[in-house]
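Since the structure comes first, as structure tokens, the remarks are kept for the end.
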Amino acid sequence: MNFKTITYSISFISLMFFNAQTFAQKSSYDLITKELTKEQRDLLQKERGLMKVNRDVFKATLTKEQVSILRDRTISKNEIKNRLTATFSRNQKNLVRSQQVRLRKTRENFRKTLTGEQRKMLKQRIDKIRKNKDRGELKEGPRNNNNANDGKKRRKRGN
């Protein structure tokens, strides 16, 4: 093959890869937002902005020790969470608690605005995502391959 053909092939493949990935990520979110009213979209957008501001405020309070805990990739997410929360100051605990309360209130307010049809559609989409997507790590820590039954439960025979 000549240089021109190789260049065109690589550029075409990369273009297809990046477009497919961008489209795939936007499509499911766009489908959901199309079903929402303008007020619902505005509520979600406003809350998303507030969450970003709160997250930035919280990140500014992190110490070097806490940042090093967050960046440690050798331990599970659950262990990171446990170690990090053990090092929180009172101010950090209050920030996290207020964010959790705000998130709960936002969810309640959003749920109150949903119609029956919207509830059904969102539930179906969420169930589909939960069923089809690999959810990452297990709660107990990193994955291990010492499961002799390949994850299947076997009935014990009492002989």
Study note, to complete from the structure: Among Lys59/Lys131; Lys105/Lys128; Lys64/Lys112; Lys81/Lys131; Lys52/Lys123, the pairs whose Cα-Cα distance exceeds 30 Å are Lys59/Lys131; Lys64/Lys112
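Multiply the residue separation of Lys46 and Gln118 by 0.36 nm, subtract the distance between their alpha-carbon atoms, and state the gained length in nm to one decimal.
On the way: separation 72, 0.36 × 72 = 25.92 nm, distance 2.01 nm.
The span from Lys46 to Gln118 would gain 23.9 nm if fully extended.
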Practice item. Add +1 for every Lys or Arg and -1 for every Asp or Glu among the other residues with Cβ under 14 Å from the Cβ of Val101, and state the total. Key: +4
Point to revise | Computed accessible area, Val53, all protein chains, 1.4 angstrom probe, square angstrom | key: 80 Å²
Review point. For the residue pair Lys81 and Phe110, what label-to-label distance in nm results when each label sits 7 Å from Cα along the Cα-to-beta-carbon direction?
Key: 1.9 nm
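Counting Lys +1, Arg +1, Asp -1, Glu -1, what net charge surrounds Thr115 among other residues with beta carbon under 13 Å of its beta carbon?
Combined, the nearby Lys, Arg, Asp and Glu give +2.
Please work out the FRET efficiency for the pair Lys93 and Asn132, using the Cβ-Cβ distance as r and a Förster radius of 22 Å; give the result to the nearest 0.05. Please report the intermediate quantities before stating the final value.
Numbers: r = 36 Å, r/R0 = 1.65.
The value I calculate is 0.05.
Report the local net charge at Thr87: Lys and Arg +1, Asp and Glu -1, summed over other residues whose C-beta lies under 15 Å from its C-beta. Provide the component values of the computation, followed by the final result.
On the way: positive: Lys59, Lys64, Arg71, Lys81, Arg83, Arg90, Lys93; negative: Glu65, Asp72, Glu79.
Result for the local shell: +4.
The values are calculated or read from the model by the stated rules, or taken from the named source; none is laboratory data. For clarity, every value in this text was computed on a predicted model and none was experimentally measured. Quick reminder, even Gly has a Cβ in these numbers, built from the backbone with ideal geometry, and neighbours come from all protein chains shown. These area figures cover heavy atoms from the full protein model, side chains too; ligands, DNA and RNA do not enter into them. Shrake-Rupley method; radii C 1.70, N 1.55, O 1.52, S 1.80 Å.
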